[in-house]
Amino acid sequence: MKFLRLDLLTLLISLFIFNSCKRQDGIGLGITPENQINGSLIVDSNVVVNTVAEDSVVTSVLPKTPLGNFVDPDFGTTVANVALGLTLPNGAAYTVPAGTLTIDSAVLVLRYANGFYGDSVATRFTASVYQLSEVANAQTYYNNKHWQYNSGNVLGSKTFIARTHDSVTIASIRDAKVDTIQKVGPQVRIPFSKQFIYDNLFNANGSQLNSPGLFQTAVKGLYIKLDKGQASNVGGIIQLALDSSHLDVFYKTVNGSTIDTASTILPFSTHSAEITHKYSATIQAALNATTGSQSTFYLQGLAGLRAKVSFPGLSQFNPDSIVLNRAELVITPVPNSGIPYAPLPKLTMYKLDIAHQRTYIQDASTADIRNQIAQFGGGYDKTHKQYRFLVTSYIQDLIRKKTIDYGTYVAPIDTTEITSTASGGVATTNIGPSAQTAARTIAVGSDKNSPYKIKLNIIYTRIRK
């Protein structure tokens, strides 16, 4: 009974407390119209947006390297060629096997990476391989580096359809064992000049086999171009995993009465892409329109196009009378502009600092305790056909003039371009130019007649004094 009385007393006290609070928010003073705090939504469609050219991008030793020739009906022509630095087998001094050597075949193996963009069904590509006229060594190269090569001597060529997700079956040469057949991952295999291998590896002059550096100086490297099979083909951009690609050499040795088949591999010491864009009249006009705001703006990977955005409508807010609960930038592609070429799967957003260097906005920075990096956004929502960025802290600081807008940009990145910080493994999106995605997006800008125009959704609380 003692415990029963205690339970009844607790119940009576609880009922008294809850009965005294007639509203869930009725804590402290009573709520009146004069002191009530409300959350309000305002849709700011006064966002200024302009298409601008992307900065140059480092393309040396990327996880994914573009190779292609793509004619986009809206954007124009994009060409990506690849320069490769060759090194000795195992990356060390090489000793030519004893006996008489005969090269059976040489194959340039280029492994596919995810990210093909263009027409992979109807287009037939022709890859042509040349020798560089300048050394490709381990240094930083940008997409606007123009490589010199010997265009009069094709070292390898293959016409193919890009089957970027289909495995292939090859003959596997095994030392001192019976050769076998094996299935390998998606790749394009380009027959390569046996004479080039014989002259530069098995019958090399001087000391060029004594070190990888001497070999690279002598051989210089390879240059790959991709042409469309027919001028009417749209073409496309292939992404290559060149870190795991190589030049295979299959040969036979006769040493006395012993005959054997063997193989060796020449890895790539470096690789980079040379990317050029030849824009359509529509895109060129957008790039030339530097004043006002554009009703349509354009985003393109492969160090192509980005968008500069600004928010003049923020001047309507009194920084001393409101607190932002949420601010979200919403970008919508022009309806049906993703057919047949899908819009970019991911965007990034960043600002410039006082030195006009790229830096994270507050909501994407691990240095800002208010950030919500996991909710920052930028991915393409296929259901709602939108991109969204959570920019509450950045917009709040702009309103309060705690930060100055030296330039705010939205730009393409690949879905793999994220970085995990040392503290807690928080993932942040890349804010540098990207060469690892070839996709593009045509987006609705400040078109006041369109329900899809770019907008800034702001939920705020007005502070009554």
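List of remarks:
- Within segment 210-308, strands (runs of 3 or more DSSP E) holding 2 or more residues that are of a type outside the set (Ser, Thr, Tyr), out of contact with any His (no Cβ under 9 Å at 6 or more places or on another chain) and surrounded by fewer than 21 Cβ atoms within 10 Å (Cβ to Cβ): 222-228, 246-255, 258-279
- Restricted to segment 154-172, and to residues there that are part of a loop (DSSP other than H, G, I, E, B) and at pLDDT 95 or above, the residue that is most open to solvent (accessible area, probe 1.4 Å) is Val154.
- Taken together, the criteria place Tyr360 among residues that are open to solvent by 10 Å² or more (accessible area, probe 1.4 Å), touching a residue at least 40 places away in the same chain (Cβ under 8 Å) and under 17 Å from Gly407 (Cβ atoms).
- Single residue of Thr437, Thr428, Thr415 found to be within 16 Å of Phe376 (Cα to Cα) and either in contact with a helix residue (DSSP H, G or I) (Cβ under 9 Å, 6 or more places away or on another chain) or at pLDDT 95 or above (or both): Thr428
- Enumeration of residues in segment 46-97 that are assigned to a loop (DSSP other than H, G, I, E, B), farther than 28 Å from Asp447 by Cα and of a type outside the set (Ser, Thr, Tyr): Val57, Val61, Leu62, Pro63, Lys64, Leu88, Ala92, Ala93, Val96, Pro97
- Tally, over segment 38-97, of residues that are farther than 30 Å from Gln316 by Cα, open to solvent by less than 20 Å² (accessible area, probe 1.4 Å) and of a type in the set (Val, Ile, Thr): 6
- Criterion applied to Ile354, Ile331 was being at pLDDT 95 or above and surrounded by 22 or more Cβ atoms within 10 Å (Cβ to Cβ), and the one residue passing it is Ile331.
- Flag if Gly236 is of a type outside the set (A, V, I, L, M, F, W, C), in contact with an Asp or Glu (Cβ under 6 Å, 6 or more places away or on another chain) and modelled with pLDDT of 95 or more: yes
- Asn153, sole failed condition from (1) touching a residue at least 40 places away in the same chain (Cβ under 8 Å); (2) farther than 30 Å from Ala98 by Cβ; (3) not hydroxyl-bearing (Ser, Thr, Tyr): (1)
The values are calculated or read from the model by the stated rules, or taken from the named source; none is laboratory data. As the structure is a computational prediction, the values presented were derived from the model and not from experiment. All Cβ positions, even for glycine, are placed from backbone atoms using ideal geometry, and neighbour counts span all protein chains on display. When the accessible area is computed, the model is the full protein with side chains, heavy atoms only, and any ligands, DNA or RNA have been set aside. Shrake-Rupley method; radii C 1.70, N 1.55, O 1.52, S 1.80 Å.
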